[in-house]
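Peer 1: The structure that follows is given in the form of structure tokens.
The values are calculated or read from the model by the stated rules, or taken from the named source; none is laboratory data. All of these numbers come straight from a predicted model, not from anything done at the bench. Here the Cβ positions follow ideal geometry from the backbone for every residue, glycine too, while neighbour counts run over all protein chains shown. Quick note on the areas: whole protein, heavy atoms, side chains included, nothing else; ligands and nucleic acids left out. Shrake-Rupley method; radii C 1.70, N 1.55, O 1.52, S 1.80 Å.
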Amino acid sequence: SMISGEAVPAAKIQGDQVIGATVNQTGIFLMRAEKIGAETLLSQIVKMVVDAQRSRAPIQKLVDQVSGYFVPAVLGCAIAAFIIWFIFGPAPTLAYALISAISVLIIACPCALGLAMPMSIMVGVGIGAQSGILIKNAEAIQKCEKVTHILTDKTGTLTAGRPQVTDIITVSGWDNKSLLSIAASIEQSSEHPLARCVVDYANEKNYELAPVDGFQSITGGGVKGKAGAKSVLLGKQKFIQDNGISLPEELKKKSDDLQEKAQTVVWIAVNGQIVGMLGISDPIKKTTPDAIRALYKMGLKVVMLTGDNEKTAKAIAKELGIIEVYAGLEPKDKQEIVKKLRGEGAKVMMAGDGINDAPALAEADVGVAMGTGTDVAIESAGIILVKGDLNGIVKALRLSRGVMRNIRQNLFFAFIYNALGVPVAAGVL
């Protein structure tokens, strides 16, 4: 999960590689450490983050550059005013020349120019914080304005990142309550994330759970045990069939329909007969569809990057109206896509919540981390959405455009003030 970012764990068998710093759900196994220290995948991800941060071009400090020319120019004007009025001015020429020179220095005090950006940034950051948008530096605000591509992770960013029971299908003689009660009774002894969501769903409905005897967990297949006097099997289609239980064609078709909707199907058999199945999915956040539509209206290109399989990714993308999808990606793959787009001239904002998103967050022009995500992702991003709500990106982009527009207004009026004030102070009237 740390690497793929997906909520459902990957089954491993003898000979498979496992990844340090990830969690083993059930059972025990013996492993050989082939890489340690800087060679481990987690260390390489951290290194990618550091490298991406170092490769960023520093933001151009417009005000500092202008001030570098402005101050000498003002000093030059003051000296010129002194010389001209000292030579051609009325008596007493020295006093008149000093007054003119000092007036130029006073009227051209660069405070208006110097405060043009800090005041806007301060207000912008404050407004962002009130809306649940934590902006870590002014550079992120400036870069947000020029963003052309929004790259987003799926799990935990577009979706809730917590599997939930979304469909319950029963055969004749069974209802939702009886099916959920017996399924949750068996699953309460399992540590699998999908099992936990079944138990949580039953608890929310206040369904009574029966005591279980002879519980067994078959890795990559399912679980079985006795709930009261009933022998229960619960798991994948293959697991049920391998136990000699036939599946009705009607239910098979419904299972295919659920899978087309990016749902995981859990079959339930009682006393050797199929009694129904559960559709479990990672639901799309309620605010995501509106946020995606708003981003498209702003003229931005939205791209989904995910470690999940292509079928599930495309189903989610279709529902959200996202056209471009990259599935089955590793952390390095996400980073490479960001790097490629930037190389083509795109201004990229990357949104994610997991360790696997950290390299891409650091590589992007602007990284946006969900506040509900991992510490590594948050450290790698320039903007943090406290609520983990994609609408925060829309607000951040609008805030950025407003702040930058205000900065330009401030600079414009500072220049106009000085352009009109300096000649008057120098005595042109």
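Peer 1: Can you work out which of the residues in the range 120-140 that are open to solvent by less than 10 Å² (accessible area, probe 1.4 Å), over 11 Å from ASP365 (Cα atoms) and over 14 Å from the mean Cα position of the chain (by Cα) is modelled with the lowest pLDDT? If you could, list the steps in order and put the result at the bottom.
Peer 2: Here is the first cut: in the range 120-140, the ones open to solvent by less than 10 Å² (accessible area, probe 1.4 Å) are 120, 124, 128, 133, 140.
From what's left, over 11 Å from ASP365 (Cα atoms): 120, 124, 128, 133.
Filter once more, keeping what is over 14 Å from the mean Cα position of the chain (by Cα): 120, 124, 128.
Details: SER120: 82, GLY124: 85, GLY128: 86.
Checked the range 120-140; the qualifying residue modelled with the lowest pLDDT is SER120.
Peer 1: Can you tell me how many residues in the range 309-326 are assigned to a loop (DSSP other than H, G, I, E, B), on the phi < 0 side of the Ramachandran plot, of a type outside the set (S, T, N, Q) and surrounded by fewer than 17 Cβ atoms within 10 Å (Cβ to Cβ)?
Peer 2: Step one: of the range 309-326, the residues assigned to a loop (DSSP other than H, G, I, E, B) are 309, 321-323.
So of that shortlist, the ones also on the phi < 0 side of the Ramachandran plot come out as 309, 322-323.
Adding the requirement that they be of a type outside the set (S, T, N, Q) leaves 322-323.
So of that shortlist, the ones also surrounded by fewer than 17 Cβ atoms within 10 Å (Cβ to Cβ) come out as 323.
Residues in the range 309-326 being assigned to a loop (DSSP other than H, G, I, E, B), on the phi < 0 side of the Ramachandran plot, of a type outside the set (S, T, N, Q) and surrounded by fewer than 17 Cβ atoms within 10 Å (Cβ to Cβ): 1 in total.
Peer 1: If you scan the range 1-41, which residues turn out to be outside any loop (DSSP other than H, G, I, E, B) and either touching a Ser or Thr at 6+ places or on another chain (Cβ under 8 Å) or at pLDDT 85 or above (or both)? Please lay out each step first, then the result.
Peer 2: Keep residues of the range 1-41 that are outside any loop (DSSP other than H, G, I, E, B), which gives 37-39, 41.
If the condition is that a residue be outside any loop (DSSP other than H, G, I, E, B) and either touching a Ser or Thr at 6+ places or on another chain (Cβ under 8 Å) or at pLDDT 85 or above (or both), then GLY37 is the only one that fits.
Peer 1: Go through (1) over 20 Å from PHE239 (Cα atoms); (2) open to solvent by 50 Å² or more (accessible area, probe 1.4 Å) and name the single condition PRO163 misses.
Peer 2: Among (1) over 20 Å from PHE239 (Cα atoms); (2) open to solvent by 50 Å² or more (accessible area, probe 1.4 Å), PRO163 violates only (2).
Peer 1: Looking at MET298, MET304, can you tell me which residue is closer than 23 Å to ILE383 by Cα, hydrophobic (A, V, I, L, M, F, W, C) and open to solvent by 30 Å² or more (accessible area, probe 1.4 Å)? Steps first, please.
Peer 2: On the way: MET304 fails: open to solvent by 30 Å² or more (accessible area, probe 1.4 Å).
Matching residue, one of MET298, MET304: MET298.
Peer 1: Report yes if some residue within the range 177-186 is of a type in the set (Val, Ile, Thr), touching a helix residue (DSSP H, G or I) at 6+ places or on another chain (Cβ under 8 Å), in contact (Cβ under 8 Å) with a residue 24 or more places away in the chain and surrounded by 22 or more Cβ atoms within 10 Å (Cβ to Cβ); otherwise report no. Full working, then the answer.
Peer 2: Of the residues in the range 177-186, the ones of a type in the set (Val, Ile, Thr) are 182, 186.
Adding the requirement that they be touching a helix residue (DSSP H, G or I) at 6+ places or on another chain (Cβ under 8 Å) leaves none.
Within the range 177-186, not a single residue is of a type in the set (Val, Ile, Thr), touching a helix residue (DSSP H, G or I) at 6+ places or on another chain (Cβ under 8 Å), in contact (Cβ under 8 Å) with a residue 24 or more places away in the chain and surrounded by 22 or more Cβ atoms within 10 Å (Cβ to Cβ).
Peer 1: Do you know which residues across the range 227-257 are basic (Lys, Arg) and assigned to a strand (DSSP E or B)? Show your work before the answer.
Peer 2: Of the residues in the range 227-257, the ones basic (Lys, Arg) are 230, 236, 238, 252-254.
The one that is basic (Lys, Arg) and assigned to a strand (DSSP E or B): LYS230.
Peer 1: Quick test of your reading of the structure: PRO92 fulfils all but one of (1) in contact (Cβ under 8 Å) with a residue 60 or more places away in the chain; (2) more than 24 Å from ALA419 (Cβ to Cβ). Name the failing condition by number.
Peer 2: For PRO92, the exception is condition (1).
Peer 1: Residue by residue through the range 230-243, note down the ones that are farther than 14 Å from ILE186 by Cβ and open to solvent by 70 Å² or more (accessible area, probe 1.4 Å).
Peer 2: LYS236, LYS238, GLN241, ASP242
Peer 1: Given GLY367, GLY373, which one is closer than 10 Å to ASP153 by Cβ and not in a helix (DSSP H, G or I)? Show your work before the answer.
Peer 2: Working: GLY367 fails: closer than 10 Å to ASP153 by Cβ.
Matching residue, one of GLY367, GLY373: GLY373.
Peer 1: Please go through the range 107-154 and pick out each residue that is over 13 Å from ILE407 (Cβ atoms) and part of a loop (DSSP other than H, G, I, E, B).
Peer 2: If the condition is that a residue be over 13 Å from ILE407 (Cβ atoms) and part of a loop (DSSP other than H, G, I, E, B), then ALA108, CYS109, PRO110, SER131, GLY132, LYS136, ASN137, LYS146, VAL147, THR148, LYS154 are the ones that fit.
Peer 1: Kindly evaluate ILE280 against the criterion of being within 30 Å of LEU397 (Cα to Cα), in contact (Cβ under 8 Å) with a residue 12 or more places away in the chain and in contact with a helix residue (DSSP H, G or I) (Cβ under 8 Å, 6 or more places away or on another chain).
Peer 2: Details: within 30 Å of LEU397 (Cα to Cα): no; in contact (Cβ under 8 Å) with a residue 12 or more places away in the chain: yes; in contact with a helix residue (DSSP H, G or I) (Cβ under 8 Å, 6 or more places away or on another chain): yes.
Spelling it out, it is not the case that ILE280 is within 30 Å of LEU397 (Cα to Cα), in contact (Cβ under 8 Å) with a residue 12 or more places away in the chain and in contact with a helix residue (DSSP H, G or I) (Cβ under 8 Å, 6 or more places away or on another chain).
Peer 1: Another question, then. What are the residue pairs meeting all of these: first residue in the range 34-47, first residue within 15 Å of ALA360 (Cα to Cα), second residue assigned to a helix (DSSP H, G or I) and at pLDDT below 80, Cβ atoms under 7 Å, and 6 or more apart or on different chains?
Peer 2: From the range 34-47, the pairs are ILE45/ILE355.
Peer 1: How about the range 271-295: which of its residues are in contact with a strand residue (DSSP E or B) (Cβ under 7 Å, 6 or more places away or on another chain) and open to solvent by 10 Å² or more (accessible area, probe 1.4 Å)?
Peer 2: Listed by number, the residues that qualify are ASN271, ILE274, SER281, ASP282, PRO283, ILE284, LYS285.
Peer 1: Inspect all residues belonging to the range 256-265 and state whether any of them is touching a Leu at 6+ places or on another chain (Cβ under 8 Å), surrounded by 15 or more Cβ atoms within 10 Å (Cβ to Cβ) and either of a type outside the set (Val, Ile, Thr) or more than 28 Å from ASP308 (Cβ to Cβ) (or both).
Peer 2: Filtering the range 256-265 down to residues touching a Leu at 6+ places or on another chain (Cβ under 8 Å) leaves 264-265.
Now drop any that are not surrounded by 15 or more Cβ atoms within 10 Å (Cβ to Cβ), which leaves 264-265.
Cutting the leftovers down to either of a type outside the set (Val, Ile, Thr) or more than 28 Å from ASP308 (Cβ to Cβ) (or both) gives us none.
For the range 256-265, residues touching a Leu at 6+ places or on another chain (Cβ under 8 Å), surrounded by 15 or more Cβ atoms within 10 Å (Cβ to Cβ) and either of a type outside the set (Val, Ile, Thr) or more than 28 Å from ASP308 (Cβ to Cβ) (or both): absent.
Peer 1: While we're on this one: Where the second residue is in a strand (DSSP E or B) and open to solvent by 10 Å² or more (accessible area, probe 1.4 Å) and the first is at pLDDT below 90 and lies in the range 349-369, which pairs have Cβ atoms under 6 Å and are six or more apart or on separate chains?
Peer 2: ALA369/ILE384
Peer 1: If you don't mind, there's one more thing I want to ask. Return the only residue of VAL104, VAL46 being modelled with pLDDT under 85 and either of a type in the set (A, V, I, L, M) or in a helix (DSSP H, G or I) (or both). Please lay out each step first, then the result.
Peer 2: Details: VAL104 fails: modelled with pLDDT under 85.
Checking each option against the conditions leaves just VAL46.
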